[in-house]
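Only the coordinates and a few stated rules stand behind these numbers; no lab work does. Keep in mind that this is a model prediction, so the values were computed, not measured. For neighbour counting, all protein chains shown are included, and Cβ atoms are generated from backbone atoms with ideal geometry for every residue, glycine included.
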Amino acid sequence: MQLEQFVSQAWDIGPAEVLVRRIEISEIAPGSTLTAAPSMGAALTSGEHATWKSLDSSSSRQHEWLLGRLALKDVVRTWASERGQQLEPRDIEIHIDDEGAPFARCAALSAVGGSPVISLTHNSGVVVAAAADPGALIGIDIEYVNRRIDVVARALSAPEQAFVAAEVASVLDLLVAKEAATKALGVGLGGGVSRWPVVAVTSVPQGLIVEVTSITDLGLVLPVLVLHPLDTVLGICYVAPDTDAA
Ligand SMILES: CC(C)(COP(=O)(O)OP(=O)(O)OC[C@H]1O[C@@H](n2cnc3c(N)ncnc32)[C@H](O)[C@@H]1OP(=O)(O)O)[C@@H](O)C(=O)NCCC(=O)NCCS
């Protein structure tokens, strides 16, 4: 594997301001969801390498974590390339904050206004990473359409159940929107389905715009574009820099 190349593929989906890349897990590790080529570790900084090796190699988590870092580095490199900066994977270090939200550090990007904001999501078949300009809010979530949602359905409010009953949006659409919105805020849903009410659903040519708010701040409104590529539901929450989410 040439590290100058990208592990992920560009995915032309969602708002123009958001770069999205995806890794098909079956293409990276044919016949196995548990192992990645050892050379992929060379994309990591020494700190990232130590974290990777500390993860349980007998579970899928180590592999998932690595592919997430590769996808995030790829999307940051793409964002940088569009601004005239050619970066190697190890020029970028991916960290997580106290809530688990990923962010990128890259000294070279100080010349172009800093590192982009990033978000990551995975299911058992695909890893998706997104990037947008510094100061924006970005949160993404992907789920298979056949994901079990009984628990979520029971946690929906009466207005949300009305959206589902009217077939304006599915339960999974609402869950994905809540996940993407809370990731954009850097807090994550953490099972708090009822704490993030959906206040509006609008049909647009590409899919749906689902507006998510917070039970503790009903003035806060986060728009999530919900799309239905193949057998998945993908949510992209994007708020431009210097825009009030409210
Ligand atoms: C932590 C959480 C973001 C995980 O989301 P998920 O849908 O289970 O998993 P995804 O693959 O979509 O996203 C995981 C990635 O989100 C990112 N993430 C984690 N915490 C985050 C946060 N607070 N803010 C933004 N991004 C976060 C990480 O990059 C993580 O990947 P990594 O651990 O490999 O770095 C959060 O929403 C959560 O706790 N979900 C639990 C599931 C849930 O609440 N379900 C409701 C049904 S009752």
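The label point for residue 59 and the one for residue 228, both projected 7 Å from the Cα toward the Cβ, are 3.4 nm apart.
Only helices enter the 222 nm calculation for the chain: every DSSP H run of n ≥ 4 contributes -39,500 (n - 2.57), and dividing by all residues gives -7500 deg cm²/dmol, rounded to 500. Remark: 75, 112 ranked as 112, 75, counting other beta-carbon atoms within 10 Å and listing the fewest first. Taking other C-beta atoms within 10 angstrom as a stand-in for reagent exposure, 214, 59 fall in the order 59, 214, fewest first. Distance between the pseudo-spin-label points of residue 202 and residue 39 (7 Å out from Cα toward the beta carbon): 4.8 nm.
For the chain, the longest principal axis of the C-alpha atoms and the axis of helix 61-81 are separated by about 90°. For a label point 7 angstrom out from the Cα of residue 166 toward its Cβ, which stretches of the stretch 179-208 have the backbone nitrogen within less than 18 Å? Residues 197-205, 207-208 qualify, since their backbone N sits under 18 Å from the label point. Say we join alpha carbon atoms closer than 10 Å with springs in a Gaussian network model of the chain; which of 13, 94, 138 then has the biggest fluctuation? Of 13, 94, 138, the Gaussian network model singles out 13 as fluctuating most. The phi torsions of the stretch 114-129, fed into the Karplus equation with coefficients 6.51, -1.76 and 1.60 and a -60° offset, translate into couplings of x, 7, x, 7, 9, 8, 9, 8, 9, 10, 5, x, 8, 10, 10, 10 Hz, rounded to whole numbers, with Gly and Pro shown as x. Please compute the net charge surrounding residue 22, taking Lys and Arg as +1 and Asp and Glu as -1 over other residues with Cβ under 11 Å from its Cβ. Once positives and negatives cancel, what remains is -3.
Taking the number of Cβ atoms within 10 Å of each Cβ as an exposure proxy, the fewest-first ranking of 204, 239, 221 is 204, 221, 239.
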